[in-house]
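K.L.:
Shown below is the structure under consideration.
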Amino acid sequence: MKLFRIRGGVDVAHRKELSSEEPIMPLPLPSRLYVPLRQHGGAPAEPVVSVGDRVLKGQLLAAPQGSVSAPVHAPTSGEILNIGRQITAHPSAIPQPTIVLESDGCEEWVDLPPPIRDPFAASAASLATRVADCGIVGLGGAAFPTAVKLDAAARGTVDTLVINGAECEPYLTCDDRIMRERAGEIIDGVRIMAHALGATRIVIAIERNKPQALDTMTRAADTVGPEILIVAIPARYPMGSERHLVLLVTGREIPARRLPADVGVSVHNVATARAVHRAVRVGEPLISRVMTVSGGAVRRPRNLEVPIGALVCELLDAAGGTTEAPARLLAGGPMMGQPLHSLVVPVVKGTSGILALAASEIRTAPEQGCIRCGTCVSVCPCGLVPMEMAALIRHEKLEQAVAVGLHDCVACGSCAYACPSHIPLVQYFHYAKGRLKQLGHEQRRRDLARRLAASRAERLERIARAKREAVAARKAAAAAKKVAEAQAHGDGPVGSAAGS
Amino acid sequence: MTAETITEPSGPYAHADWSVRQIMLRVMAALVPATVFNAWVFGWPAVFLFAVTVAAALIAEAICLWLAGRPVGASLADGSAALTAWLLAFSLPPYAPWWIGMVGAVIAIVIGKHIFGGLGQNLFNPAMVARVALLISFPVPMTLYVLPTGFGLLAAPPGFLDGLVITFGGQGIPDALSAATALSAVQTQLGLGQPATVAVASAVAPWRMAAGTMAGSLGETSALLLAAGGVYLLWARVITWHVPVALAGSMALLSGLANAIDPARFPGADFTLLTGATVLGAFFIATDPVTSPVTRGGQLVFGAGCGLLSWVIRSFAGYPEGLAFAILLMNAATPLIDRGMRPRVHGRTRHGRPLTLERLR
C-alpha cells in the first residue's frame, strides 16, 4: 500500500525490549479500588450508588452527564466505602470526585446486557448505544468517548476507518501485546466499528518495530477476508499522532481546527477495538485495560491487565517494585505522558502505562541558549518553527506565537527531544496555551462585567425615566385638574400649565 | 506538593543524546585532518599562529562571560569559542605575525559574538567578521602568503626557532618564501591582459590545488581533506547537504557558464571550486547554525546566495577572494530569508489559511 509522506519526526530510543516479551498477566485484585468519575473527555459522570451499597462487578456506578461523557462501572464486586474527592493523576493535583470501592474478593458479576448476536445486522445506533453504555473511551490516551465518535461519524460522512496500532511512544508495549495475544478480538471489534460507521475501507497501521504483531494481525485479518488492510508504517515518532497517521495512510490532510471525521476518516486505537468487541459480543463494560509497567527503575517490567482504579504503587509492586528511587514517575509514555507526584493515585481508562524512569533515562542537562541549528524545524511534524514560537513566548508575545502556529502544535515533543541546547520547548507552548486560556477567561469575565454594568445602567436609566415620566404625568394631571377646577370657578388662566 | 507541581518541567522526559558541545566537538574533529596536514605543510609558524589565535579567543571568551555574569567554565566547555578561533586561524596567512591572530580572535569573540549577547545571538559569523576587519585594517600582513614547505618544495623549511622569529619576531617573511595565492596570481595575470586559460595554467597545477600544496591561508589549501571533513559532518548529521550543495553548486554553475561564454575572461568551475576558501566555506563556515537560516528551503537560498556573491566578488571586484564578504552579506539577509521561507504548516496553505475540505472531495 502506498504511504504518503510525513514531514519531520524523530528516531527515538524505543526501549520496548524491556517489556515487549512479557505476556499480559492479570494484576492481583487490589483490596480497594479508587474509581474517578471523570476518566474521559467531557463532563464527569454522576454517581447512581450510595455509600454502603453492595455492588457487583460490572454494575453501573455513575451515569454520563451531557452529550459528551461516559459512565463508569464497578471493576469488581464489593462495598462502596466513600464517594468524595481524592487525589488522582490529574495534572492539577486537585482532588477529583472519586468512588472508593472495597473489594469483597468474590468477583461476582452483575447480569450483563445480552450479547448482540449478529452485530452486522444490528443498526449503527444500537451499536453506538451499547458502546456508550459500556463506558468505552479511546484507550490510546486521549480517552474521548468512543460512542460520540461512532455517533457523529455514523451520519454517513466517514468512508475510512483507521485503526491505530502504531504505539510510537517509547517503552509502551501494551498495544503490541494485545495485538499479539488478542488479534482475533481486535479484528472483530474493528469490523463492528466499521459496520457502525458505514466505513468501506479499513486500515490497521502498525509500526515496523513490531514484526510479531504485524504477523499475527495479518493472519487474523486474512481469516475474515480481504476488506481489512494491515499496513506496516515506519517506526518513527510521532507516527501514532492522529493527524499524521491519517495523512500517512490515506493521503488526506486534516485542515487546521478540523477533525478526522471532516475528511471522512475515523481513528481508533487497537485496544479500543478490543473493548468494543467485548462490549458487543459479551456485554462487558470497560472495567479493566492492559497497561505497561516499565522503565529503568522497575525491577521486572510487565504488561498487566489492570482493573480501573488500582493504585500506581500496586502496579509497581506487581512488577517487582523499583530497583532505585525513580527519577521520574509517569502515567503514559516519556514523550507525552503526565508526571505523577504520588504512588497512591489510581490508574484510569486512559492510562496506557506507568513508567518509573531512572536518572540516566531522563533529560537532566540544563537549558542553554538557542544556537538556531534548525533541528526543531526539521523534526516538527506540523511544519512549525518551534524555536521562533518559544522566543516569542519568552517575550510574552502570545498573539504573535498564535499567528505562527501555536494552536497547530500537537505537543508531540519532537522538538524538545531533539534540541541540542536542551530547551524545554513544549513547556513554553504549554505555558502559552494555558496563559491564553486564562487571558480568554479574564476577557470573557471583563466582557460579562461590562455587559452587566451596561445593562444595569440601562435598567437604572429606564427606571429613572419611568419615574420622571410618572412624575410628569402626575404633575400634568394635577395641572389639568387645577385648570378644570379654575375653569369650573371661572377665574383661572386658561391652559397655561397644560404643556409643562 | 503544590509548590513543586507548579515548577514541574513538562515533557518530553526523554532526550536525544545530542548537545551543543557534541556538535562543536564533531566540527573540530572534522577539521583535525586538514589542520595536521597544514601544520606539516607550513611548519612551525603556522602552529604558533594557530596556538596564539585559539588562546586569545579562549581568554577573550572567559573575560566576556565573566563580565556578563555567566558561568565561565560551562560556557567555555561548549567549545564554540575554540571553534571560532580555529576557523579564524584557517582564514589567516600562515606566516602572519602573532598580533594578527590575537587581534582577530579578540574581534571575533568580543565584537563578533558577545556584543550581540553571546552564543546564538550574533547576526554575523564571528570568524568572518574578524577576517574582514583584519583584511581591511591590515591589508599587507593579511595578503603576504608563503609557499608550502612540505613535499620538498622548499629546500630549508623554517625550524622551531626560525618559526618563533617569523611569528613573534616582527621581522617579516623572508623573500625567498613569499608567494601569491592561486586566486590572486590569476587575478594579477588577468589584470595584465593574459587570457584566463594561461593565467590558470601558470598559477598552480590542479592536483596541487586539490591536495593543498600551494600558497594560501590554512583553510584555502587541502581542499580534499576539508571536503572529507565535510562529508564526515554530513554523515554525523551535524550539517545537512543544503548549504554546501547550494553554495558549491551555484559557484560551479556560474563559473562554468561564464567560462563557456568567455573562456579568456573567466576561469572554469574546477578552478573556482578548488581555490580560495570554497570548500572550507561551504562545509564549515556558511553552515554555521547561528548565522544561517533554520529552514531547509532557507538554507538553499542562503547557500546559493553565498556562492553567487562570492563568484561576483571574485570575478568583478578588487579582492581576489570574496567568500568572507559573501557570507557576511548573506548573514545579514538571514532573518529575512527565515521570514520568507517558513515550512507549510500541517493543515494549512502556504499563506497560513486552513485547508479547504473541498480539496479532498
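K.L.:
Of a type in the set (Ser, Thr, Tyr), more than 25 Å from the chain's Cα centre (by Cα) and under 23 Å from residue A:246 (Cβ atoms): which single residue out of A:360, A:378, A:352 fits that description?
P.N.:
A:378
K.L.:
I would also like to ask the following. Yes or no: residue A:439 under 24 Å from the mean Cα position of the chain (by Cα) and more than 8 Å from chain B (Cβ to nearest Cβ)?
P.N.:
yes
K.L.:
Please go through segment A:340-356 and pick out each residue that is open to solvent by 20 Å² or more (accessible area, probe 1.4 Å), within 13 Å of chain B (Cβ to nearest Cβ) and not polar (S, T, N, Q).
P.N.:
Of everything in segment A:340-356, those that are open to solvent by 20 Å² or more (accessible area, probe 1.4 Å), within 13 Å of chain B (Cβ to nearest Cβ) and not polar (S, T, N, Q) turn out to be A:341, A:343, A:344.
K.L.:
Condition test on residue A:329, is it outside any loop (DSSP other than H, G, I, E, B), among the hydrophobic types (A, V, I, L, M, F, W, C), without any contact (Cβ under 8 Å) to a residue 60 or more places away in the chain and more than 30 Å from residue B:354 (Cα to Cα)?
P.N.:
Judged against the criteria, residue A:329 is a match.
K.L.:
Go through (1) within 30 Å of residue A:281 (Cβ to Cβ); (2) crowded, with 19+ Cβ neighbours inside 10 Å; (3) not β-branched (Val, Ile, Thr) for residue A:63 and report which single condition fails.
P.N.:
(2)
K.L.:
Let me ask another. Scan (1) open to solvent by less than 10 Å² (accessible area, probe 1.4 Å); (2) within 14 Å of chain B (Cβ to nearest Cβ) for the single condition residue A:190 breaks and write down its number.
P.N.:
(2)
K.L.:
In segment A:400-407, is there at least one residue being closer than 18 Å to residue B:11 by Cα and at the interface with chain B (Cβ under 8 Å from one of its Cβ atoms)?
P.N.:
The answer is no; no qualifying residue exists.
Residue by residue, here is whether (1) closer than 21 Å to residue B:289 by Cβ; (2) within 14 Å of chain B (Cβ to nearest Cβ); (3) of a type outside the set (D, E, K, R); (4) touching a residue at least 12 places away in the same chain (Cβ under 8 Å) holds:
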position	(1), (2), (3), (4)
A:394	yes, yes, no, yes
A:414	yes, yes, yes, yes
A:417	yes, yes, yes, yes
A:432	no, yes, yes, yes
A:450	no, no, no, no
A:467	no, no, no, no
A:479	no, no, yes, yes
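K.L.:
Sticking with this structure for a sec: Go through (1) touching a strand residue (DSSP E or B) at 6+ places or on another chain (Cβ under 7 Å); (2) away from chain A (no Cβ under 11 Å); (3) not polar (S, T, N, Q) one by one and return the number of the condition residue B:79 breaks.
P.N.:
(1)
K.L.:
Next question, about the same structure. What helices (runs of 4 or more DSSP H), lying completely within segment A:357-434, carry at least 1 residues that are open to solvent by 30 Å² or more (accessible area, probe 1.4 Å)?
P.N.:
Result: A:375-379, A:386-394, A:398-403.
Here is a yes/no grid of residues against (1) more than 14 Å from chain A (Cβ to nearest Cβ); (2) under 29 Å from residue B:29 (Cβ atoms); (3) in contact with a helix residue (DSSP H, G or I) (Cβ under 8 Å, 6 or more places away or on another chain):
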position: B:267; (1), (2), (3): yes, no, yes
position: B:332; (1), (2), (3): yes, no, no
position: B:341; (1), (2), (3): no, no, yes
position: B:344; (1), (2), (3): no, no, no
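K.L.:
Moving to a separate point now. Can you find even one residue in segment B:287-301 that is open to solvent by less than 30 Å² (accessible area, probe 1.4 Å), in contact with a helix residue (DSSP H, G or I) (Cβ under 6 Å, 6 or more places away or on another chain) and part of a helix (DSSP H, G or I)?
P.N.:
Yes, some residue in segment B:287-301 is open to solvent by less than 30 Å² (accessible area, probe 1.4 Å), in contact with a helix residue (DSSP H, G or I) (Cβ under 6 Å, 6 or more places away or on another chain) and part of a helix (DSSP H, G or I).
K.L.:
Now a separate question. Of a type outside the set (D, E, K, R), in contact (Cβ under 8 Å) with a residue 12 or more places away in the chain and either out of contact with any strand residue (DSSP E or B) (no Cβ under 7 Å at 6 or more places or on another chain) or at the interface with chain A (Cβ under 10 Å from one of its Cβ atoms) (or both): is that true of residue B:273 in this structure?
P.N.:
yes
K.L.:
Of all the helices (runs of 4 or more DSSP H) wholly in segment A:193-283, which have at least 3 residues that are farther than 26 Å from residue A:351 by Cβ and more than 12 Å from chain B (Cβ to nearest Cβ)?
P.N.:
Output list reads A:211-224.
K.L.:
Looking at residue A:117, is it open to solvent by 10 Å² or more (accessible area, probe 1.4 Å), under 18 Å from residue A:211 (Cβ atoms), more than 14 Å from chain B (Cβ to nearest Cβ) and not polar (S, T, N, Q)?
P.N.:
Judged against the criteria, residue A:117 is not a match.
K.L.:
Then there's this: Quick check on this structure: which one of B:29, B:56, B:60 is within 17 Å of residue B:239 (Cα to Cα), away from every other protein chain (no Cβ under 14 Å), in a helix (DSSP H, G or I) and at pLDDT 90 or above?
P.N.:
B:29
K.L.:
Okay, next question. Please work out which residue is nearest to residue A:190 (Cα to Cα), limiting yourself to segment A:66-122 and to residues that are in a strand (DSSP E or B) and of a type in the set (A, V, I, L, M, F, W, C).
P.N.:
This residue is A:72.
K.L.:
With over 20 Å from residue B:127 (Cα atoms), part of a helix (DSSP H, G or I), more than 12 Å from chain A (Cβ to nearest Cβ) and free of Cβ contacts under 8 Å to residues at least 60 places away in the same chain as the only criterion, which of B:40, B:66, B:86 stands out?
P.N.:
Step by step, each of B:40, B:66, B:86 is checked, and only B:66 is over 20 Å from residue B:127 (Cα atoms), part of a helix (DSSP H, G or I), more than 12 Å from chain A (Cβ to nearest Cβ) and free of Cβ contacts under 8 Å to residues at least 60 places away in the same chain.
K.L.:
Test residue B:359 against the criterion of being more than 8 Å from chain A (Cβ to nearest Cβ), at pLDDT below 90, surrounded by fewer than 18 Cβ atoms within 10 Å (Cβ to Cβ) and farther than 18 Å from residue B:242 by Cβ, and give yes or no.
P.N.:
Here the answer is yes, as residue B:359 does meet what is asked.
K.L.:
Another one. Sort out which residues of segment A:310-336 are small (Gly, Ala, Ser) and either modelled with pLDDT of 95 or more or over 18 Å from residue A:38 (Cα atoms) (or both), and write them in order of number.
P.N.:
If the condition is that a residue be small (Gly, Ala, Ser) and either modelled with pLDDT of 95 or more or over 18 Å from residue A:38 (Cα atoms) (or both), then A:310, A:318, A:319, A:320, A:321, A:325, A:327, A:333 are the ones that fit.
K.L.:
Identify, from the list B:104, B:79, B:120, the residue that is touching a Cys at 6+ places or on another chain (Cβ under 6 Å) and either closer than 19 Å to residue B:324 by Cα or not hydroxyl-bearing (Ser, Thr, Tyr) (or both).
P.N.:
B:120
K.L.:
Sort out which residues of segment A:123-165 are open to solvent by less than 20 Å² (accessible area, probe 1.4 Å), hydrophobic (A, V, I, L, M, F, W, C) and not in a strand (DSSP E or B), and write them in order of number.
P.N.:
Across segment A:123-165, the qualifying residues are A:127, A:128, A:131, A:134, A:136, A:139, A:143, A:147, A:150, A:153, A:158.
K.L.:
Can you name every residue in segment A:1-57 that is within 19 Å of residue A:110 (Cα to Cα) and among the acidic types (Asp, Glu)?
P.N.:
A:53
The values are calculated or read from the model by the stated rules, or taken from the named source; none is laboratory data. Remember, predicted model here, so these are calculated numbers, not experimental data. Every residue, glycine among them, receives a Cβ derived from its backbone with ideal geometry; neighbour counts consider all protein chains shown. These area figures cover heavy atoms from the full protein model, side chains too; ligands, DNA and RNA do not enter into them. Shrake-Rupley method; radii C 1.70, N 1.55, O 1.52, S 1.80 Å.
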